[in-house]
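> Have a look at the structure that comes next, please.
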Amino acid sequence: MQVIWTNDLDSDAYKAILDLRISVFVKELGSDMALEVEGESACEHVGIFKDGKILCAGRITPQKKKCLFQRIAIRRDVRCMGYGRLLIREMERCCVTKGIRRIDICASESALGFYLKLGYTPYGEPFMRGDKPHHMVEKNI
Ligand SMILES: CC(C)(COP(=O)(O)OP(=O)(O)OC[C@H]1O[C@@H](n2cnc3c(N)ncnc32)[C@H](O)[C@@H]1OP(=O)(O)O)[C@@H](O)C(=O)NCCC(=O)NCCS
């Protein structure tokens with residue numbers, strides 16, 4: 001397994017990460033493409049690869065004293081195999097190395113149980129993003 005971090009939007013790793021996100025969020029879940037790549041250049045992007053093929057991806061948006069995890073996507077054929085947990089752990093590890101101890105995630109309702117299992121706590125009122133209900137969740141690491 002290979003973990004690749006990049007903020008180079010011309011890199012092959014980023015292209016694989018974006019391809020996966022498009023297949024999950026735009027094609028599978030119907031998100032808007034413009035929204036999908038919004039704020040992209042300000043983020044750290046991560047992909048986990050096996051035998052050269054991408055398994056999962058996410059991005060971190062640094063904020064003042066915390067980080068926002070976004071675009072958490074696991075390839076459809078490898079879900080429920082622990083890669084989501086592995087990805088979030090890797091992203092948390094990255095934050096710790098930068099001295100960031102607080103994580104926020106805008107969780108779609110369908111993925112809320114996943115974040116609860118990983119120790120995240122909901123806060124605030126649920127809201128709509130696109131046509132899907134979302135909840136903010138947080139964790140101090
Ligand atoms: C949600 C998602 C990231 C989960 O990744 P995954 O690799 O399937 O999750 P894991 O196998 O690491 O699961 C970890 C734990 O969470 C649970 N879990 C996974 N998805 C869940 C869900 N949607 N609801 C409730 N629990 C879930 C698993 O059962 C497992 O629990 P266990 O430790 O008791 O066995 C993945 O399904 C995905 O990419 N979905 C489409 C995109 C998406 O919705 N992203 C999140 C946007 S906020």
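Coordinate-derived values only; no laboratory data. Being a predicted model, the structure only gives us computed values, none of them experimental. Methodologically, a virtual Cβ is constructed for each residue, glycine included, from the backbone with ideal geometry; neighbour enumeration extends over all protein chains shown.
> Give all pairs with beta carbons closer than 8 Å in which a residue from region 77-105 that is assigned to a loop (DSSP other than H, G, I, E, B) meets a residue that is within 12 Å of the ligand (Cβ to nearest atom); count only pairs at least 6 apart in sequence or on separate chains.
Listed pairs, sorted by first residue: none to list.
> Assess whether K65 counts as being exposed (fewer than 11 other Cβ atoms within 10 Å of the Cβ), more than 6 Å from the ligand (Cβ to nearest atom) and free of Cβ contacts under 8 Å to residues at least 60 places away in the same chain. Reasoning before the result, please.
On the way: exposed (fewer than 11 other Cβ atoms within 10 Å of the Cβ): yes; more than 6 Å from the ligand (Cβ to nearest atom): yes; free of Cβ contacts under 8 Å to residues at least 60 places away in the same chain: yes.
In short, yes.
> Name the single residue that is farthest from the chain's Cα centre (by Cα) among those in region 1-23 being under 15 Å from L87 (Cα atoms) and not aliphatic (A, V, I, L, M).
The selected residue is Q2.
> Tell me whether region 76-95 contains one or more residues that are of a type in the set (D, E, K, R), touching an Asp or Glu at 6+ places or on another chain (Cβ under 9 Å) and exposed (fewer than 14 other Cβ atoms within 10 Å of the Cβ).
The initial filter retains those residues of region 76-95 that are of a type in the set (D, E, K, R), namely 76-77, 79, 85, 89-90, 92-93.
Okay, now just the ones that are also touching an Asp or Glu at 6+ places or on another chain (Cβ under 9 Å), so 76.
Still in the list and also exposed (fewer than 14 other Cβ atoms within 10 Å of the Cβ): 76.
Checked against the condition, which is being of a type in the set (D, E, K, R), touching an Asp or Glu at 6+ places or on another chain (Cβ under 9 Å) and exposed (fewer than 14 other Cβ atoms within 10 Å of the Cβ), region 76-95 yields at least one hit.
> Kindly provide the set of residues from region 34-51 that are over 23 Å from L86 (Cα atoms), assigned to a helix (DSSP H, G or I) and within 16 Å of the chain's Cα centre (by Cα), ordered by number.
L35, S41, A42
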